């Protein structure tokens, strides 16, 4: 495990996929680090993301701004919507980021007939029986 010191305790996350886990919000705030946990500094995370950003920018010439925007989305835990002409290396760039943080790549081609069920899955009937709204 890895941890980052904060004013309120320590944020603990997975050792192997810490960039992806932090970006997804899959980290825990504890009063003290678990035994054997390794401390990482926020500056080290920034250096890792900047190094990955530079490596991807070197391979995708002319897309430095888009690569930088994806880096900002990663560190902020936000979403990024890529929209451009076909063949503009959007999928390649997203695959490179996913591989760089040990994440998964997901792609969906949107069209005029794309509906909510295509994006989020169909409504869950078992959840509806319990008066809850959820997708399967």
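Read the figures in this text as sums done on the coordinates, not as results from a lab. If you're wondering where the values come from, they're calculated on a predicted model, not measured in any experiment. Methodologically, a virtual Cβ is constructed for each residue, glycine included, from the backbone with ideal geometry; neighbour enumeration extends over all protein chains shown.
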Checklist line | Shape of the range 1-40, Cα gyration tensor, a/c cut at 1.5 | finding: oblate
Note to self: From the C-alpha coordinates alone, can you work out the Kirkwood hydrodynamic radius of the range 88-135, in Å?
What the structure shows: 13.4 Å
Next item on the list: Only helical DSSP H runs with n ≥ 4 go in: add -39500 (n - 2.57) per run for the chain, normalise by residue count and round the 222 nm mean residue ellipticity to 500 deg cm²/dmol.
Entry: -12500 deg cm²/dmol
Note to self: Need one number: nm distance between label points at residue 16 and residue 35, each 7 Å from Cα along Cα→Cβ, rounded to one decimal.
What the structure shows: 2.3 nm
Next item on the list: Using label points projected 7 Å from each Cα along Cα→Cβ, tell me how many nm separate residue 120 and residue 68, to one decimal.
Entry: 3.4 nm
Check: Taking a ≥ b ≥ c as the square roots of the eigenvalues of the Cα gyration tensor of the range 40-99, is the shape rounded (a/c under 1.5), prolate (a/b larger than b/c) or oblate?
Finding: prolate
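Give me the Kirkwood hydrodynamic radius of the chain in Å, from all C-alpha pairs, to one decimal place? Display every interim value, and only then the final one.
Numbers: mean 1/r = 0.0573 Å⁻¹.
It works out to 17.5 Å.
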